[in-house]
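Since the structure comes first, as structure tokens, the remarks are kept for the end.
The values are calculated or read from the model by the stated rules, or taken from the named source; none is laboratory data. Keep in mind that this is a model prediction, so the values were computed, not measured. Every residue, glycine as well, gets a Cβ built from its backbone with ideal geometry; the counts of neighbours run over all protein chains shown.
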Amino acid sequence: MGPLSDGSRVVIIGGGPAGVACGLACLRMALARGPRIAVTIIEGKDFNEERQHNQCLGVLSPPLPALLEQELGLPFPWHLSRGEIQEYVLHSEHEQLALGGEHFPSVALRRVQFDAYMLQAAREHGVEVLPARAVDLEFHAQGVVVYTDSAPLEGEVVVGAFGLDGGSAEMFERHTRYRRPAFIDTLVTKYHPGEEAMARFGPRIHAFLPAHPRTEFAAITPKGNHLSIVVAGRRIDAGLMRRFLALPGMRAQLPDLERAGQWDPNDLRFFKGRFPRSLAQAYFGDRYVMVGDAAGLVRAFKGKGVTSAVQTGIRAAETMLQAGISARAFRAHYREANREIIRDLPYGRLMRLLAIGLAQSGLLDRILRAARREPRLRTALFDAVSGRTAFREVLANSLAPGSLAAITRAAIPLGRGARKADRAR
């Protein structure tokens with residue numbers, strides 16, 4: 001189970017960004033180093049027809065464009081852009097704060113179109129794509145057999161790039177020590193308010209941290225001709241989404257919601273998904289490795305899921321070609337390569353619990369008021385919602401003496417005139 005050699009085949013379950021990045025990196029590195037290998041991606045969804053709905057909001061930010069171009073030899077698909085995100089507006093129960101302006105912009109696009117672009121690029125670069133669904137596995141001393149509803153595949157190693165798909169996770173859990181990561185539920189919908197309303201909404205994401213005990217966060221993202229809306233938390237359902245849409249703060253950002261369906265009959269249809277919030281157990285072993293969401297190798301709170309998926313796919317490929325496909329090789333090389341993600345997970349969990357506690361206690365209002373006066377705290381809030389830096393740095397900025405002093409001052413009750421002037425600032 002050393003590095004992949006001539007005649008080896010890598011079987012990847014899942015054709016999203018993590019799986020495609022792993023497949024492309026395998027072929028690109030093999031071409032540079034010499035071994036002739038084959039890569040097969042098993043993907044049952046048809047992204048080209050846009051019949052699939054991806055629950056990811058599709059906000060892509062640096063360093064993803066450079067990562068695609070430098071590590072995979074792919075131009076970033078700027079032609080798929082639905083507009084740049086130049087600002088975030090963070091909402092608590094009674095306050096709101098605009099964040100951004102001096103920071104780098106992100107690109108909003110439809111994830112299903114991005115996935116179609118990536119999978120087509122994989123085909124053009126020599127990756128075989130099998131339109132099927134994996135149904136079972138067998139691990140042997142000399143290789144792996146992956147059974148699909150189309151045809152069986154034999155290879156030296158199998159890569160799990162299936163996100164949080166329950167059927168694929170159960171398949172690995174039957175045959176390995178792998179256990180899927182913990183997750184939170186998401187519910188996504190969209191709304192077409194018309195051209196004038198979209199122009200007024202502008203190039204900004206509105207992020208909400210409501211006080212509801214089951215809702216961790218929510219967001220509204222502009223996507224060219226429509227707004228994408230997501231609510232995330234525990235046991236999220238359609239009733240909770242409807243209650244959220246009825247909140248005054250939400251209605252202020254969604255004009256004429258009662259006219260939903262006028263421009264698109266699919267308005268306010270709900271799609272359910274999941275988002276990992278922990279590291280998976282045994283996410284690698286002899287002849288298998290997980291990448292992206294399947295491994296839980298993402299930011300523990302939110303942000304940069306596609307970037308993490310691509311990074312972990314590339315790092316898995318490097319390990320297989322340079323170190324091997326055994327549990328020992330993945331432990332020594334793959335886990336080490338993802339150290340910055342793994343080390344930040346405890347800080348992300350702490351940040352997540354703090355955000356929930358502050359929102360439910362009403363203290364988040366004070367935090368937003370304090371951030372109007374304290375630049376370092378404002379930077380921390382931007383980094384938390386945009387995913388720009390590690391949560392370790394976010395917490396350091398949040399707990400800096402200047403930030404704590406500003407929070408303390410914000411706790412002092414203000415008169416009506418002072419509150420009005422503070423909001424104006």
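Which one of A132, A121, A108 is aliphatic (A, V, I, L, M) and under 30 Å from L377 (Cβ atoms)? Steps first, please.
Values: A132 fails: under 30 Å from L377 (Cβ atoms); A121 fails: under 30 Å from L377 (Cβ atoms).
Only one candidate qualifies: A108.
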*Close pairs from the range 241-261: first not assigned by TED's automatic domain parsing to the domain that holds L209, partner part of a helix (DSSP H, G or I), Cβ under 8 Å, at least 6 apart*: none
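Taking the condition of being small (G, A, S) and within 18 Å of the chain's Cα centre (by Cα), how many residues in the range 197-239 meet it? Walk me through it before giving the result.
Of all residues in the range 197-239, those small (G, A, S) come to 197, 199, 202, 207, 211, 218-219, 224, 228, 232-233, 238-239.
Next, only the ones that are within 18 Å of the chain's Cα centre (by Cα) stay: 207, 218-219, 228, 232-233.
Count: 6.
Every residue, every condition in (1) modelled with pLDDT of 85 or more; (2) over 15 Å from A121 (Cα atoms); (3) surrounded by fewer than 20 Cβ atoms within 10 Å (Cβ to Cβ), yes or no:
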position: A25; (1), (2), (3): yes, no, no
position: A32; (1), (2), (3): yes, yes, yes
position: P35; (1), (2), (3): yes, yes, yes
position: I41; (1), (2), (3): yes, no, no
position: L72; (1), (2), (3): yes, no, no
position: F76; (1), (2), (3): yes, no, yes
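Rundown of residues vs (1) at pLDDT 90 or above; (2) small (G, A, S), yes/no style:
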residue	(1), (2)
P203	yes, no
H212	no, no
A218	yes, yes
L247	no, no
E258	no, no
S278	yes, yes
G285	yes, yes
V289	yes, no
D293	yes, no
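Which residue is nearest to E340 (Cα to Cα), if the candidates are limited to the range 306-328 and must be part of a helix (DSSP H, G or I), touching a helix residue (DSSP H, G or I) at 6+ places or on another chain (Cβ under 8 Å) and small (G, A, S)?
For the range 306-328, the residue satisfying everything is S308.
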*From the list R328, R369, which one is surrounded by 18 or more Cβ atoms within 10 Å (Cβ to Cβ), more than 26 Å from the chain's Cα centre (by Cα) and not assigned by TED's automatic domain parsing to the domain that holds I205?*
R369
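The rows are residues; the columns are (1) aromatic (F, W, Y); (2) under 20 Å from T319 (Cα atoms); (3) buried (at least 16 other Cβ atoms within 10 Å of the Cβ).
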{"site": "P131", "(1), (2), (3)": "no, no, no"}
{"site": "H140", "(1), (2), (3)": "no, no, no"}
{"site": "V145", "(1), (2), (3)": "no, no, no"}
{"site": "L153", "(1), (2), (3)": "no, no, yes"}
{"site": "V157", "(1), (2), (3)": "no, yes, yes"}
{"site": "G167", "(1), (2), (3)": "no, no, no"}
{"site": "F172", "(1), (2), (3)": "yes, no, yes"}
{"site": "R180", "(1), (2), (3)": "no, no, yes"}
